[in-house]
Amino acid sequence: MKQVVLSKKCQLAVERGRILLNEKDLEPRDLDNEFVHFYNQQGKFWASGYLSKQNKGLGWVLSRESVTWADFGLQALVAAAKEKRQAYLQDTGTTAFRVFNQEGDGFPGLTVDLYGDYLLFSWYNAFVFQQKEDIIACFQAIYPECLGAYEKVRFRGPGYETAHLYGETAPEQFLIAENGVRYQVFLDDGWMTGIFLDQHEVRKDLAQGLAQGQRVLNLFSYTAAFSVAAVAGGAVETVSVDLAKRSRELSQAHFQANGMGLDSHALVVMDTFEYLRYAARKSLTFDVIIIDPPSFARNKKQVFSVSKDYHRLVEESLKILAPQGKMLLSTNAAQLSLDKFKQEIQKGMGETSYTIEKVYRLPQDFPSYAEEPTSNYLKVIQIRVDE
């Protein structure tokens, strides 16, 4: 087993529960994409884990015990994760959710989602990708009821983004249910699937009447899933805005899947800031505004960063928000803390008085790891303007 020496500071952090490792945590070494044992500077065993470059860091601690990959116990982790999700598995009104979530379920670098009868594996680094045969075998043993599986490669290396893994092939598009609402999804078309599963608690509240009788503006709408949930919950009018031309076709599919006409529900292909200026010129107002931008985006005219520019979205949206209207303000930027996000919102609200009605974090099928703040990346804040 390859041995890697940890810095003294990192040794103490690992003792306190930290598992994510960075370059500065390790003495100079030439290992990568390998299962290793970590030692202190006196040669004492410290932990087991792996090294593999990824967007978060350089590797992970998997156990304080001296184990190898062969006896790490992944199948037991997968079985435990399935047991924790029995409520989801037994809910006939929801057929898509996460069944394994990286460090929250004990193995960083891997997520697995269930879409109806199919599993979707996402590999986040080369080490995990190299173990795919072992990993797939574990899931086939624990989820024999699944008809087939697909994969998404979320790091540079293999030269492709998505592929069929095993079993039956899924239809090019098919329907899943969530809180009794239907959505069209696809598993073999780039990184996206047609819906972001980590937002299903927000969509649940919308489907249960959060926007009942209201006019809703959904910005950065992607496939308009928030809008469809809002209509299911009684919203009388929605406008879904996204710059991607394909968003219109994908959004229409969600509405059609639920037998919803589009007479009162507009799908607008436009830059969000341009639409906000347009709406202000036309004196349009909305009772609920949903803002869920990508962490970073670039178009021909500007660059957008959540950490620097979110307040601008809030400020411009406030101009077209009805009196005592609500905003659902969302970000999945892992490096932006909840406190910093609240500061961005406050900056955008300026002197306007508002009340925070609810804060959403990752749902129960997306367990996070308490000692790694970036693990619980989702932050959605529901506010109501007091005036």
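The values are calculated or read from the model by the stated rules, or taken from the named source; none is laboratory data. Bear in mind the structure is a predicted one, so any value in this text is a computation, not a measurement. Cβ coordinates were reconstructed from backbone atoms using ideal geometry, including for glycine residues, and neighbour counts include every protein chain displayed. Accessible surface is based on the protein model in full, side chains and every heavy atom, while ligands, DNA and RNA are left aside. Shrake-Rupley method; radii C 1.70, N 1.55, O 1.52, S 1.80 Å.
Hey, can you tell me all the residues within region 133-170 that are of a type in the set (D, E, K, R) and either touching a residue at least 40 places away in the same chain (Cβ under 8 Å) or touching a strand residue (DSSP E or B) at 6+ places or on another chain (Cβ under 7 Å) (or both)?
Taking region 133-170 and keeping what is of a type in the set (D, E, K, R), we get 133-134, 145, 151-152, 154, 156, 161, 168.
Across region 133-170, the qualifying residues are D134, E151, K152, R154, E161, E168.
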Out of (1) in contact (Cβ under 8 Å) with a residue 40 or more places away in the chain; (2) within 15 Å of the chain's Cα centre (by Cα); (3) farther than 21 Å from Q214 by Cα, what's the single condition that is false for R361?
(1)
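Just to verify a result, which residue in region 13-25, among those that are in contact with a Lys or Arg (Cβ under 9 Å, 6 or more places away or on another chain) and open to solvent by 60 Å² or more (accessible area, probe 1.4 Å), is farthest from A370 (Cα to Cα)? Walk me through how you get there before you give the answer.
Kept after step one, since they are in contact with a Lys or Arg (Cβ under 9 Å, 6 or more places away or on another chain), are these residues of region 13-25: 14-15, 20, 22, 24-25.
Retained after the next criterion (residues that are open to solvent by 60 Å² or more (accessible area, probe 1.4 Å)): 15, 24.
Details: E15: 14, K24: 22 Å.
Looking at the filtered set, the residue picked out is K24.
Here is a list: V128, V99. Which entry is in contact with a helix residue (DSSP H, G or I) (Cβ under 7 Å, 6 or more places away or on another chain) and either touching a residue at least 24 places away in the same chain (Cβ under 8 Å) or open to solvent by 50 Å² or more (accessible area, probe 1.4 Å) (or both)?
Working: V128 fails: in contact with a helix residue (DSSP H, G or I) (Cβ under 7 Å, 6 or more places away or on another chain).
Step by step, each of V128, V99 is checked, and only V99 is in contact with a helix residue (DSSP H, G or I) (Cβ under 7 Å, 6 or more places away or on another chain) and either touching a residue at least 24 places away in the same chain (Cβ under 8 Å) or open to solvent by 50 Å² or more (accessible area, probe 1.4 Å) (or both).
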Could you give me the residue pairs with C-beta distances under 8 Å whose first residue belongs to region 211-231 and is over 16 Å from A322 (Cα atoms) and open to solvent by 10 Å² or more (accessible area, probe 1.4 Å), whose second residue is among the β-branched types (V, I, T) and assigned to a helix (DSSP H, G or I) wherever it lies, and which are 6+ apart or on separate chains?
F220/T272; F226/V202
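Check D91, D117 and return the single one that is surrounded by fewer than 18 Cβ atoms within 10 Å (Cβ to Cβ), at negative phi and free of Cβ contacts under 8 Å to residues at least 12 places away in the same chain.
Values: D117 fails: free of Cβ contacts under 8 Å to residues at least 12 places away in the same chain.
Just a single option satisfies the conditions, and that option is D91.
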Odd one out for P28 among (1) in contact (Cβ under 8 Å) with a residue 12 or more places away in the chain; (2) open to solvent by 20 Å² or more (accessible area, probe 1.4 Å); (3) not assigned by the TED database to the domain that holds F139
(1)
Which condition from (1) in a strand (DSSP E or B); (2) touching a Leu at 6+ places or on another chain (Cβ under 9 Å) is the one that L284 breaks?
(1)
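Filter region 337-367 down to residues that are in a helix (DSSP H, G or I) and open to solvent by less than 40 Å² (accessible area, probe 1.4 Å) and give me whichever is nearest to F100 (Cα to Cα).
Of all residues in region 337-367, those in a helix (DSSP H, G or I) come to 338-349.
Then drop every residue that is not open to solvent by less than 40 Å² (accessible area, probe 1.4 Å), which leaves 341, 344-345, 348-349.
Working: F341: 27, E344: 32, I345: 32, G348: 36, M349: 38 Å.
The extreme case among them is F341.
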If you scan region 33-66, which residues turn out to be open to solvent by less than 20 Å² (accessible area, probe 1.4 Å), touching a residue at least 40 places away in the same chain (Cβ under 8 Å) and in a loop (DSSP other than H, G, I, E, B)?
S52
Over region 161-182, the set of residues open to solvent by 70 Å² or more (accessible area, probe 1.4 Å), part of a strand (DSSP E or B) and touching a Lys or Arg at 6+ places or on another chain (Cβ under 8 Å) is L175
Filter result for the condition that a residue is buried (at least 20 other Cβ atoms within 10 Å of the Cβ), under 21 Å from the mean Cα position of the chain (by Cα), over 25 Å from R215 (Cβ atoms) and of a type in the set (G, A, S), over A370, A333
A333
Going by the structure shown, is E201 open to solvent by 20 Å² or more (accessible area, probe 1.4 Å) and in contact with a Pro (Cβ under 8 Å, 6 or more places away or on another chain)?
yes
In the list E83, E133, which residue meets the criterion of being over 25 Å from G190 (Cβ atoms) and either surrounded by fewer than 21 Cβ atoms within 10 Å (Cβ to Cβ) or aromatic (F, W, Y) (or both)?
E83
Count of region 305-330 residues which are free of Cβ contacts under 8 Å to residues at least 60 places away in the same chain, open to solvent by less than 10 Å² (accessible area, probe 1.4 Å) and touching a strand residue (DSSP E or B) at 6+ places or on another chain (Cβ under 6 Å):
3
